[in-house]
Each structure stands twice: as C-alpha cells, then as structure tokens.
Amino acid sequence: MSLDLTATAVFVLLFLLVTWLGFVAARWRKADLNVLHEWGLGGRRFGTVVTWFLLGGDLYTAYTFIAVPALVYGKGAMGFFAIPYTILIYPILYLVFPRLWAIAHAKGHVTAADFVRDRFGSRILALAVAVTGIVATMPYIALQLVGMEVVIGALGFPAGGLLGHLPLIIAFIVLAAFTYTSGLRAPALIAVVKDTLIFVTIFAAVVIIPARLGGYGAIFASVPQEKLILPSPTGQSLGSYSAYATLALGSALALFLYPHSMTGILSASSGDVIRRNAAMLSAYSFILGLIALLGYMTIAAGVDKDPAFAAGFTQYGANFAVPALFLSSFSSWFVGVAFAAIAIGALVPAAIMSIACANLFTRNLYKEFMRPDCSEADEARMAKIVSLVVKIGAVVFILAIPQEYAIQLQLLGGIWIIQLLPPVLLGLYTRSFHPMALLSGWIAGTAIGTYMAATQGFTSSVYPLEMFGVTLPGYAALYSVVINFVVAIILTPLCDLIGRSGPAPAAR
Amino acid sequence: MTQRQPGAGRLRYWPRLLFAIPFAAILWVPSYNRMEPALGGIPFFYWYQLAWILLGAAIVLIAYLLETRITGATARSRAGLETDGAPGDVL
C-alpha cells in the first residue's frame, strides 16, 4: 500500500485541530488547575451535554469501534453481545451512580478507592481497589493504541520499525502534553469533535455501503447462515445462550467500576446529570450496533478477499476489517475523516484513563502511604507527572510486547475490575460489612477468576461451569464475583467475632 | 398504609422496578435467537436487539420523568441523602 495523500492530509488537519483544542481547554471554565479535583475531575462542573459527549467519548473507545465489528466479522452472532451489554449498562448507571456521585461530592472523593477507604475505614482494602483499577486500566490504554495503529497503517504508512511507529509516538506525545496542561478539560472538549466525526462517519457508512452492496437483505444473505444466529445448545449444556447472557451482564456490571468510567461520572455537576445521561447515552449504543454490522458488510463487500488489502489483513488480522471496508467504499477525503474519527476516538479514552490512573496513584498510594502531609499543589503536580508515566508505559507496552498479551491482559482486566463490585456496591448502602471480609472476597474472586481464564489458556473468558450435571458456559468475571460476594457475606460475622474478642477493637 | 408526603419513603422508587423489563428481555437469549421474522432483510436477532437499545432508553427516560415530575422528589432525596449531609445507610 502506498500513502494515501488526500486521506492523510485530512487526517493530519483534523488531528491538528484537536491538538489545538486540547491546549485551549486549559482556559475553558477557568480554574486553578493546581488542585487535583480541578485537573482530574474538571472541577465537577460538567453539565448534561458535556457529560454526554465526555462519557460517550470515554466508554465507546477506538478499540471498541475496531474490535466489535472485527469480532462480528470473525465470530458472527456471538460478537454481537456488545449490544445487550450496552443496553444493560444504563439502568445500572441510573440505579447506582447518582448515589455514588452524591457521596463523593459531599466527602470530596476523587476515586473509587477514596470512597471505599471512607466507607469501610480500611487503607488496605482501599489499596486493593486502587491497584486493581490501575492494573486493569493499563492494558486498556495500550489497546487504544492498537486502534490508532491500525488506521495509521491503513493510511499507507509503512508498518513496523521506528519509522512505522513514529506517527503513533508523535500522537502520544501530543496527547501527553495536553493532558498534562489541561487535565480532564482536554478530553471533554475533544470528545465533542470525536463524537461528531463518529456520528457523521457511521451515518455515511450505514447509508452508502448498503446502497452499494444491494441493501441489508443482500448483506445478511451473503453471510454464512451458521454465523447469523447463536448455535442452539445441545445435550446437558446451555452452550452459547448462557455465554451470551453472562458476557452481557458481567461486562455491564464491570464497566462503571473502571477508573475511567468513574472519573467521567464523578466529573458531572449533579446526580440528575447522570440520570439524564442514562437515557441519552443510548444514542451511542445504537451507533455501536450499526458499527457491529460493519463486520457483516466487510464479508458482503468481499474486501477480505481483495488482494489490495491482503497485506493489511496479514498485518492486523480481523482488526483490519473496518479500515479495509472504509478504504474500498469511501473517497479519499472521507477516508481521512473516518480514520481521524477512530484515531481521535483513541485519544479521548486514553487521556481519561491516564488521568484516572494518576488520580488513583496520587490519592490512594502516594498521599496515603508515602506523603500523607503533601499539599494540594503537590498532589496535583504528582498526578500530572503520573499521567505522563502511565502513557509512556502504554507506548512501551504496545511497542515492546506482542499484541496478544495486551488483549489477554485486557480480558483479565475485566475479570479483575468486577471484583470491586462488592466493596463499591455494598458500600453505597451499608457499612456493616467487615473490610477484611471484603478483602478476602476480593482475593478469592481475583484468584478464581484468573484461574478460570487460565484454564482457557487466557484466550477466552468463557468458563464451562459444571453444576448439577449441567454445563453452564459463562463469563468468568460473573462467576468469580459471585464467589467474592459469598466470601464477603460469610466472613463478615466471623471477622466481627474475632474483632470483638481480640485485644483491641478493629479499626473500622 | 398511611398517607405519605410526596417523595417520602422508599415507595417513591417504584419507577425503578421498570428496569426489570430490559434485563428480563435481554438475558432471555432463546426468546430472540432466531432469523424470522426478518425486517427489511435484517434477521430478527439483530433488529430486535437494536430495537431494545431504543426501548431501554425510553424506559430509563420514563423512570426519570416519573421520579422527577410525578413524585416530585428533590434531587437530594433522589440520591438517598434526605436525612442529613452524611450519606445515609440504607441497610
């Protein structure tokens, strides 16, 4: 592939616009950015519309836009589980998170670990929450780079080598610089551009491409029949049905426990902003549903068999499906717009994720264990530096380590992050759980969830659970968090007993 | 049952029971894992789930409107913080 000059010019132009916005954002709703909640939560002042753009840009990442259609392209109906997943997240957002926001706002919490620390009075439990958040987010940031790498490669830049990685490195230096200066204001402002570009691209795609392929009927007719619906379960197994349902439910329960989701939610200006967004954010889910169908359009258009794209598919695998479809369907300038949408779509979540990790590190490791007496300005300075370190780490990660590891770690990240559900969810409604019981639950859930993924060679998070002679293949995250809850419930009265009979009352 | 002030008590959260509907519909996979009836060439499996994105949003919106407009609960009490500045323990 040679470099597509028109597409690259449009791409670079849009990228420059976003860079400018990222730096200008420091002066937007001006405040003292040397205070952590101003830098790291945008001062908790984002209204309904800004929050809609910010959370939309945050949760529907570039990796999602590349990986979901790639999954549908490769695995058919099972890959569509992302749709029921995004349907279930909004009732959960509505039920749980306005209350968390209200408590965090009243008590000045910046992270989920702050909240858990305050509710259960345990530094160790808070440390477990913070470390889980950071560890689960790091590979997620690295995967945003994968999305960016695919579109940069599809523009015709040479793959591999220092020259091949140069555009990616430049993009990340830019990202690091404006995150450092502007904090959460930068991705909030850039998200407006990103989301607009995504909406334009996808509306064009779902109108233009089916028209060229002879309509949706023709697209679905060209997909092998066995891919279109889930295989019916056979024998003593619930087969794909339980897998599909548990993947959707487990992913939905895990999503808002991720530090970047938490940061997006806590930056809202009120609980009602979150409630309104629980209804309005579904617009992005609908777009994601249409994007998922691009996987089938790739099959119908036959671009995977086109020799012009053979090199791309060899290099990037199924992740090349959407870029190849766009290259074959759009004129050059619009390819530039579409690819810029995906690349900028990587910047927004990567910025928020690195801010979220920086908040966690600063609040719950640095201030808690290293410098309890640090000033507000020290705290904000530390967070800015950590946000840089996190991004350098992500770039090194993706350049030095095979991509499969990033994908496997992200899969494990989902299993690890859901283990925060008991302390966060229970903490919203009661303090009667013992922190050591919650910590034991976290250890048990993390260990068993990791073991379940290990039995599948870390390539799938669907574990074939045997119960009463029936096999229930299901999402390991959901199974392991049930164990986590059970351990916390059983051990709480035991820990209370030990605490009462011990020499000193347990610090609660 | 005694007459309550508007917005008082746990009862005002009843609109949230509506959320059981999308959960039941979505998690009951065999109910929609089929090709027919297709809509404009799109198999049932796909258009049904796409339609549920819109239905789910409508249900959340209805719950929000019922809670804010009809029961007239304040933003503070909707967050479960009606008693004092500190977060109340529900359980």
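Observations, loosely collected:
- Test: residue in the range A:491-504 that is over 17 Å from A:LEU253 (Cβ atoms), β-branched (Val, Ile, Thr) and not assigned by TED's automatic domain parsing to the domain that holds A:LEU249: yes
Here's the yes/no breakdown for (1) outside the structural domain of A:PHE120 (by TED's automatic domain parsing); (2) touching a strand residue (DSSP E or B) at 6+ places or on another chain (Cβ under 8 Å); (3) at pLDDT 90 or above:
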position: A:ALA356; (1), (2), (3): no, no, yes
position: A:THR362; (1), (2), (3): no, no, yes
position: A:LYS367; (1), (2), (3): no, no, no
position: A:GLU376; (1), (2), (3): no, no, no
position: A:ALA406; (1), (2), (3): yes, no, no
position: A:LEU412; (1), (2), (3): yes, no, no
position: A:LEU426; (1), (2), (3): yes, no, yes
position: A:SER432; (1), (2), (3): yes, no, no
position: A:PRO435; (1), (2), (3): yes, no, yes
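- Matching entry among A:ILE134, A:ILE124, A:ILE152, A:ILE173 (being over 23 Å from the mean Cα position of the chain (by Cα) and β-branched (Val, Ile, Thr)): A:ILE124
- For the range B:56-75, the criterion of being modelled with pLDDT of 90 or more, in a helix (DSSP H, G or I) and farther than 22 Å from A:GLY271 by Cα is met by no residue.
- Among the helices (runs of 4 or more DSSP H) confined to the range A:185-275, the ones with at least 1 residues that are out of contact with any strand residue (DSSP E or B) (no Cβ under 8 Å at 6 or more places or on another chain) and more than 11 Å from chain B (Cβ to nearest Cβ) are located at A:185-213, A:225-228, A:239-255, A:259-266.
- Selection status of A:ASP378, surrounded by fewer than 24 Cβ atoms within 10 Å (Cβ to Cβ), in a loop (DSSP other than H, G, I, E, B), at negative phi and not small (Gly, Ala, Ser): no
- Considered as a group, the residues in the range A:26-40 that are of a type in the set (A, V, I, L, M), in contact (Cβ under 8 Å) with a residue 24 or more places away in the chain and assigned to a loop (DSSP other than H, G, I, E, B) include one that is nearest to A:THR111 (Cα to Cα), and that residue is A:VAL35.
Here's the yes/no breakdown for (1) under 24 Å from A:TYR140 (Cα atoms); (2) at pLDDT 90 or above; (3) not assigned by TED's automatic domain parsing to the domain that holds A:VAL151:
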| position | (1), (2), (3) |
| --- | --- |
| A:PHE46 | no, no, no |
| A:GLY57 | yes, no, no |
| A:THR64 | yes, no, no |
| A:ILE89 | yes, yes, no |
| A:ILE92 | yes, yes, no |
| A:ILE103 | no, yes, no |
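- Single match in A:PHE361, A:PHE433 (criterion: within 19 Å of A:TYR140 (Cα to Cα) and either within 14 Å of chain B (Cβ to nearest Cβ) or part of a helix (DSSP H, G or I) (or both)): A:PHE361
- Listed by position, the helices (runs of 4 or more DSSP H) enclosed by the range A:51-124 that each have at least 3 residues that are within 14 Å of chain B (Cβ to nearest Cβ) and of a type in the set (A, V, I, L, M, F, W, C) are A:82-107, A:112-120.
- Looking only at residues in the range A:94-139 that are polar (S, T, N, Q) and under 16 Å from A:ILE265 (Cβ atoms), the one that is surrounded by the fewest Cβ atoms within 10 Å (Cβ to Cβ) is A:THR137.
- Test: residue in the range A:282-301 that is in contact (Cβ under 8 Å) with a residue 60 or more places away in the chain and either part of a loop (DSSP other than H, G, I, E, B) or on the phi > 0 side of the Ramachandran plot (or both): no
- Any hit, the range A:287-298, residues being within 14 Å of chain B (Cβ to nearest Cβ), touching a strand residue (DSSP E or B) at 6+ places or on another chain (Cβ under 8 Å) and buried (at least 22 other Cβ atoms within 10 Å of the Cβ): no
- Criterion: at positive phi, among the small types (Gly, Ala, Ser) and in contact (Cβ under 8 Å) with a residue 40 or more places away in the chain - qualifying residue of A:GLY153, A:GLY239, A:GLY147: A:GLY239
The values are calculated or read from the model by the stated rules, or taken from the named source; none is laboratory data. Note that this is a predicted model, so its numbers are computed, not measured. When we count neighbours, we look across all protein chains shown, and the Cβ atoms used for this are built from the backbone with ideal geometry, even at glycine.
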